[in-house]
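*Asks:* Take a look at this one; I'll ask things after.
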Amino acid sequence: MYKVDLNSDIGESFGAYKMGDDAAIMNAVTSVNVACGFHAGDPLVMKKTLKTCAEKGVAAGAHPGYPDLVGFGRRNMKCTPDEEYADCLYQIGALKAFCEANGLRLQHVKPHGAMYNQAAKDPALAKAIAQAVKDAGEDIILMGLANSEFERAAKELGVPFAAEAFADRGYMPDGSLVPRSQPGALIHDVEAAAKRVVRMVTEGTVEAVDGTVINFRPQSICMHGDTPEAVEMAKAVRAALEAAGVKVTNLKEVVLG
């Protein structure tokens, strides 16, 4: 039987500004990536989000990003590997404390936005993030783009790795994500997204924007929590996977068994 985790980026509200319906999307996913205050979120949002995770039995991961609230962490920054390491370890530590306060164990770390996309192609940045994950605690999983530098860095450092794919993002022929500034970056058709996810999990392929077929074997599928159709898409993707005989379960079971 195929097994896969469904994840969503949540906890991205800030002060008086609300983003996404976190409680609703947690009814459909098995793991969540919680913003740690740099690109989005704040201590009170983190506290409330982890409390809801505990109540709903959803596995929690840290979602560290660049210190760029105005740009929502989606603008490239020129950080050294040492800066990347320190920023990630700082954010992971904060989220881990909120997990423990709610009787949860931090399951994984998934970088956000520009940090994620830059490190997926940069061996030094990927290794810095993987080292931060390793130093944050035993058996924490690094989640990153399938067939990217994240996977190679995790293997080199002996960090558990989860290959991630995206239900709501377009792919370039090289397996990277279509930049948000370009056509085809976002997928809004819920049924189309569900069908492509079933193909990803059962066939190990996805079609890029130019028709190129990319081969990979994702262990987790992301639906971004800040898109208008996020909750509907998460429900549709889960229903389609289960109808295809796929077991939807949290990341730890998929990766570590």
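The values are calculated or read from the model by the stated rules, or taken from the named source; none is laboratory data. Every value quoted in this text rests on a predicted model; they were computed, and no experiment measured them. Counting neighbours? That spans all protein chains shown, and the Cβs are built from the backbone with ideal geometry, glycine included. Keep in mind that these areas ignore ligands, DNA and RNA; they rest on the heavy atoms of the full protein, side chains included. Shrake-Rupley method; radii C 1.70, N 1.55, O 1.52, S 1.80 Å.
*Asks:* Using a 1.4 angstrom probe with every protein chain in place, what is the largest-first accessible-area order of Leu157, Leu251?
*Replies:* Output order, biggest surface exposure first: Leu157, Leu251.
*Asks:* Let me ask something else. Once phi is turned into θ = phi - 60°, what whole-Hz ³J(HN,Hα) does the Karplus curve with 6.51, -1.76 and 1.60 give for every residue of region 115-126, x standing for Gly and Pro?
*Replies:* 4, 4, 5, 5, 5, 4, 10, 10, x, 5, 5, 4
*Asks:* Where does the chain land on Rg(C-alpha)/(2.2 N^0.38 Å)?
*Replies:* 0.91
*Asks:* Mind listing the long-range amide H neighbours of Asp5? Cut-off is under 5 Å, sequence gap 5 or more, other chains count too, H placed in the peptide plane at 1.01 Å from N.
*Replies:* Distant-sequence amide H within range of Asp5: Ser220, Ile221, Thr249.
*Asks:* Separate question: Determine, for each peptide in 179-185, 242-248, the mean count of other beta carbons within 10 angstrom over its residues, then list the peptides with the highest first.
*Replies:* 242-248, 179-185
*Asks:* Here's a follow-up. Roughly how compact is region 18-99, stated as its Cα Rg over 2.2 N^0.38 Å to two decimals?
*Replies:* Scaled against compact globular proteins, the figure is 1.12.
*Asks:* Take the alpha-carbon positions of region 127-257, form their convex hull, and give its projected area averaged over all directions (one quarter of the hull surface) in nm².
*Replies:* About 8.4 nm², averaged over all directions.
*Asks:* In the chain, what percent of the accessible surface is made up of carbon and sulfur (1.4 Å probe, ligands and nucleic acids excluded)?
*Replies:* On the way: 5750 of 10870 Å².
The nonpolar share, carbon plus sulfur, comes to 53 percent.
*Asks:* Here is a further query. Using the Karplus curve 6.51 cos²θ - 1.76 cosθ + 1.60 with θ = phi - 60°, work out ³J(HN,Hα) for each residue of region 179-190 in order, rounded to whole Hz, and write x for Gly and Pro.
*Replies:* Values per residue, Gly and Pro as x: x, 4, 7, 10, x, x, 5, 10, 10, 9, 6, 4 Hz.
*Asks:* Moving to a separate point now. How are the C-alpha pair distances of region 61-134 spread across 10 Å bins, as whole percents from the shortest bin up?
*Replies:* 21, 52, 23, 3
*Asks:* Moving to a separate point now. Report, in deg cm²/dmol and to the nearest 500, the calculated mean residue ellipticity at 222 nm for the chain, where each DSSP H run with n ≥ 4 adds -39500 (n - 2.57) and the sum is divided by the residue count.
*Replies:* -12500 deg cm²/dmol
*Asks:* In addition: Debye sum, Cα scatterers, region 1-153, no solvent: what log₁₀ I/I(0) at q = 0.16, 0.19, 0.20, 0.21 1/Å?
*Replies:* Calculated log10 I(q)/I(0) at the listed q: -0.81, -1.14, -1.26, -1.37.
*Asks:* Still on this structure, I have one more. In Å², what does the accessible area per residue of the chain work out to with a 1.4 Å probe?
*Replies:* Numbers: 10870 Å² over 257 residues.
On a per-residue basis, 42 Å².
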